[in-house]
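The values are calculated or read from the model by the stated rules, or taken from the named source; none is laboratory data. Computed from a predicted structure; not experimentally measured. Glycine gets a Cβ as well: all are built from the backbone with ideal geometry, and neighbour counts include every protein chain shown. Heads up: the accessible areas ignore ligands, DNA and RNA and are worked out on the full protein's heavy atoms, side chains in. Shrake-Rupley method; radii C 1.70, N 1.55, O 1.52, S 1.80 Å.
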Amino acid sequence: MGLEFLVRVRNTTLWLAGVGALLVASYLSPRLGLALAAGAAWSLVNLSLIERLITALTSRERVTFACRNRAALAIAGLVVLFASGAALLALLPAPWLMAGFGVPLVVMVSKAVSALLLMTGAWARLTKSPWRAALVAIAIGGLAWLAVSALPGHPSAALHAAPPAHASAATHEEQKAPGFPTVVTLLEATMPHAGWVAWVVKDEVLLFSMLIALLLCVAAYFASRNAKMIPGPLQNVVETLVEKLYDFIVGILGPRYGPRYVPFLGTLFIYILAMNLFGLIPFMHSPTASLNVTVALALTVFVYVQYTGLRELGVPGYFHHLLGSPRDVTSWLLTPLMLPIHILGELAKPISLSCRLFGNVFGEDMLLVAFATLGVMCLPVKQLPFGLPLQFPLFLGLAIFSSVLQALVFTVLSTVYILLMLPHEEHGHEGEAHPAH
Amino acid sequence: MDFHSALGLGLPVGIGLAAIGSGIGLGGIGNGAMQAIGRQPEATAKIQLAMIIIAALAEALTIYAFVTMFLLSPKI
């Protein structure tokens, strides 16, 4: 346990406090989220200043001038920090600030406890057999589930009680779009009053997308476990898919930058393809037929593309790119015009990506529903439990084709966005002539 | 003509107009791509990639109209 431990604490705290602040900001109020984030940031800066002070004071050359200088700087920083802490306490709600302040300490304690726990013999005995470990994990998860649902101020109950959300949900349910029955609607029809069914109905899309992610994980696990020189059927399929994706993406991005982006883009393709095709299984539903999922995917791509630009071009290069990469006097003069165009172009990318995927998958589902309904209605005798399978040969094939095509289009466009952000000396202005969105 | 009947008349017509536009665009894209492939069959993969990207862009316009229709159709 040394400085490396502190670095890990810092990383975990950053993630935990960021996600927690986002959750609080979106579910409770933005001000409270800000307070949580500010408290955590204050605490982290405090910890790192103290760490600096201690390393400066305990290092071997503590008599040198530079070292004393560093210690003095850290002390001055601490003074400024405490002053800003007082200002924060006056501005933002104090309990949430304190909660944010406590996050790193909680992380530190739980990390230390888990490190101690991992060293004990009981833990090693427990994890020796994977089945026993899985059983224990399921038991812990079940206990946590029971504990959370037994709490009186259970967050999902609070969400249900919130009047605006409830009203909009009710109106939404009344005019729900027609669709094929899914497992979830069947559950709702059989047990309309159970609390957990309401939760399942509310998060139907989330549930299906997580199920798909789980299935993909299991498939990947079984395909890559004891890989052989002469592959079995599953390994063969997966290897072919991965190789084709690798060749495809490296073919666009070039051998220098390509391999780094293959995992992200390939996962995107496989995940979207699985989600699109999942709706064609009876009693299942495509998560991508909901705008929430596609917007989430498109925002992921957007953030990743901006991050790629910042990392590969550097901050000045990134802004140079946003200004339209000016080289001579005329293009420098044109930059006030180019900057808003480029910013709008960047912002239009996630909108067009998400709307395209959503519209295609949703439209495909609606087409199938319309033709299945027609098949039921065009029989002369009503009240039959089946209809003519009008949707079967043509439109199902169309749906499969369009699912693959849309997954491909999403991946290709994401790849092109990344390509546009990469330094393109060798491409010249071909990259610019490519469609921007 | 009140708001509801205007919307009810306008939505299908709007979708149709959008479909005509992107149909013309897709026709042009397919025409160009097929001619290019016919001239240079060895560049098929590259041409197809560019064709798919541009076709997705052209087709997206109809999809926007479609999404708009689904957003507005409860108001009829």
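Does residue A:266 meet the test of being over 25 Å from residue A:398 (Cβ atoms) and at pLDDT 90 or above?
Working: over 25 Å from residue A:398 (Cβ atoms): yes; at pLDDT 90 or above: yes.
So residue A:266 passes the test.
Of the residues A:303, A:295, only one is assigned to a helix (DSSP H, G or I), open to solvent by 50 Å² or more (accessible area, probe 1.4 Å), closer than 17 Å to residue A:349 by Cα and within 14 Å of another protein chain (Cβ to nearest Cβ); which? Steps first, answer last, please.
On the way: A:303 fails: within 14 Å of another protein chain (Cβ to nearest Cβ).
Only one candidate qualifies: A:295.
Condition check: within 25 Å of residue A:288 (Cβ to Cβ), touching a residue at least 60 places away in the same chain (Cβ under 8 Å) and assigned to a helix (DSSP H, G or I). Does residue A:273 satisfy that?
yes
Of everything in the stretch B:44-70, what is more than 7 Å from chain A (Cβ to nearest Cβ), of a type in the set (Ser, Thr, Tyr) and either closer than 18 Å to residue A:403 by Cα or under 15 Å from the mean Cα position of the chain (by Cα) (or both)? Give them in sequence order.
B:62, B:68, listed by residue number.
Could you pull out the residue among A:56, A:66, A:35 that is exposed (fewer than 12 other Cβ atoms within 10 Å of the Cβ), hydrophobic (A, V, I, L, M, F, W, C) and farther than 21 Å from residue A:110 by Cα?
Values: A:56 fails: exposed (fewer than 12 other Cβ atoms within 10 Å of the Cβ); A:35 fails: exposed (fewer than 12 other Cβ atoms within 10 Å of the Cβ).
Just a single option satisfies the conditions, and that option is A:66.
When you go through A:254, A:195, A:232, A:266 one by one, which is the residue that is in contact with a helix residue (DSSP H, G or I) (Cβ under 9 Å, 6 or more places away or on another chain), small (Gly, Ala, Ser) and not assigned by TED's automatic domain parsing to the domain that holds residue A:392?
A:195
From the list A:266, A:232, A:279, which one is of a type outside the set (Phe, Trp, Tyr), under 16 Å from the mean Cα position of the chain (by Cα) and farther than 16 Å from residue A:420 by Cα?
Matching residue, one of A:266, A:232, A:279: A:266.
Please give the helices (runs of 4 or more DSSP H) falling wholly within the stretch A:1-113 in which 3 or more residues are touching a residue at least 12 places away in the same chain (Cβ under 8 Å) and under 25 Å from the mean Cα position of the chain (by Cα).
A:3-27, A:30-58
What tally of residues in the stretch A:335-344 results from selecting those that are out of contact with any helix residue (DSSP H, G or I) (no Cβ under 7 Å at 6 or more places or on another chain) and surrounded by 14 or more Cβ atoms within 10 Å (Cβ to Cβ)? Walk me through it before giving the result.
Here is the first cut: in the stretch A:335-344, the ones out of contact with any helix residue (DSSP H, G or I) (no Cβ under 7 Å at 6 or more places or on another chain) are A:335-338, A:340-341, A:344.
Next, only the ones that are surrounded by 14 or more Cβ atoms within 10 Å (Cβ to Cβ) stay: A:335, A:338.
Of the residues in the stretch A:335-344, 2 are out of contact with any helix residue (DSSP H, G or I) (no Cβ under 7 Å at 6 or more places or on another chain) and surrounded by 14 or more Cβ atoms within 10 Å (Cβ to Cβ).
Would you confirm, using the coordinates I've provided, whether residue A:308 is within 14 Å of chain B (Cβ to nearest Cβ) and crowded, with 18+ Cβ neighbours inside 10 Å?
Judged against the criteria, residue A:308 is not a match.
Taking the stretch A:235-252 on its own, how many of its residues are surrounded by 14 or more Cβ atoms within 10 Å (Cβ to Cβ) and over 20 Å from residue A:422 (Cα atoms)?
Qualifying residue count, the stretch A:235-252: 5.
Within the stretch B:16-25, identify whether any single residue is closer than 20 Å to residue A:362 by Cα, open to solvent by less than 40 Å² (accessible area, probe 1.4 Å) and either modelled with pLDDT under 85 or at the interface with another protein chain (Cβ under 9 Å from one of its Cβ atoms) (or both), and answer yes or no.
Taking every residue of the stretch B:16-25 in turn, none turns out to be closer than 20 Å to residue A:362 by Cα, open to solvent by less than 40 Å² (accessible area, probe 1.4 Å) and either modelled with pLDDT under 85 or at the interface with another protein chain (Cβ under 9 Å from one of its Cβ atoms) (or both).
Any chance the stretch A:348-355 includes a residue that's among the hydroxyl-bearing types (Ser, Thr, Tyr) and modelled with pLDDT of 85 or more?
Yes, the stretch A:348-355 contains at least one residue that is among the hydroxyl-bearing types (Ser, Thr, Tyr) and modelled with pLDDT of 85 or more.
Which condition number in (1) surrounded by 14 or more Cβ atoms within 10 Å (Cβ to Cβ); (2) in the same structural domain as residue A:296 (by TED's automatic domain parsing) is the one that residue A:222 fails?
(1)
Of these, A:370, A:399, which one is aliphatic (A, V, I, L, M), part of a helix (DSSP H, G or I) and in contact (Cβ under 8 Å) with a residue 24 or more places away in the chain?
A:399
Going residue by residue through the stretch A:312-330, is there one that turns out to be part of a helix (DSSP H, G or I), touching a residue at least 60 places away in the same chain (Cβ under 8 Å), away from chain B (no Cβ under 14 Å) and under 28 Å from residue B:45 (Cβ atoms)?
Yes - at least one qualifying residue is present in the stretch A:312-330.
Within the stretch A:348-355, identify whether any single residue is more than 14 Å from every other protein chain (Cβ to nearest Cβ), surrounded by 16 or more Cβ atoms within 10 Å (Cβ to Cβ) and in a helix (DSSP H, G or I), and answer yes or no.
No.
From the residues in the stretch A:238-291 that are away from chain B (no Cβ under 14 Å) and polar (S, T, N, Q), which one is farthest from residue A:402 (Cα to Cα)?
Here the answer is A:240.
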